[in-house]
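Below is one structure, written out as structure tokens; comments come after it.
The values are calculated or read from the model by the stated rules, or taken from the named source; none is laboratory data. Bear in mind the structure is a predicted one, so any value in this text is a computation, not a measurement. Surface areas here come from the heavy atoms of the whole protein model, side chains and all, with no ligands, DNA or RNA. Shrake-Rupley method; radii C 1.70, N 1.55, O 1.52, S 1.80 Å.
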Amino acid sequence: MVDVIINIEVDVGVFGSCKLKAGTGIAELIALEMSRQTGTPIENNREKIWLVDSKGLIVRSRMESLQQFKKPWAHDHEPVNNLLDAVKKPVILALSNPTTQSECTAEEAYTWSKGCAIFASGSPFDPVEYEGKIFVPGQANNAYIFPGFGLGVVISGAIRVHDEMLLAACLATRLPRPDNLVKYAESCMYTPAYRNYR
């Protein structure tokens with residue numbers, strides 16, 4: 001599970017169990033992209049990224065009990081009692097599938113954050129009404145990138161997928177959106193015109 005809060009000018013927080021190293025992988029990609037954009041060493045950017053596991057904030061005072069892959073992300077920090085006091089606009093990505101395995105529901109995210117969270121999940125959730133306002137959860141499933149990314153890997157003949165390839169795929173999503181998305185998609189499809197042989 002990976003929940004990401006991004007503000008490159010200040011700090012980045014990645015919340016999750018980090019059991020399967022997914023959280024640290026996302027954190028490393030964020031640090032790498034920050035380095036690419038700013039020209040600063042990746043080590044400096046790691047200092048701006050904070051991880052949370054099942055025991056709380058990953059800090060240097062926990063260094064002896066941390067798994068090896070979490071250690072580069074341990075920093076000095078005073079205890080924090082309430083996340084919303086530290087993060088005013090949390091981005092919550094509850095990406096585990098199926099919906100029954102999601103880290104939290106959209107309703108839980110909006111209620112907990114008092115309607116301040118930006119929420120997306122790996123599985124669809126219905127809109128949520130909180131204090132008279134309707135919130136429509138986003139869906140941020142890796143299934144959206146894998147078909148195109150996989151095709152690119154096969155076509156290019158790559159035998160390994162590197163971080164830079166993932167970052168390039170992310171940047172491709174920033175391309176301008178066509179005025180008529182359906183017409184554009186149809187123009188990219190293979191539409192053979194067969195002669196009638198009968």
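Summary of values
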quantity: All strands (runs of 3 or more DSSP E) inside segment 58-163 with 2 or more residues being open to solvent by less than 50 Å² (accessible area, probe 1.4 Å); calculated: 91-94, 118-121, 128-130
quantity: Filtered residues of segment 8-39 (kept if modelled with pLDDT under 70 and assigned to a loop (DSSP other than H, G, I, E, B)); calculated: I8, E9, V10, D11, G16, S17, C18, K19, L20, K21
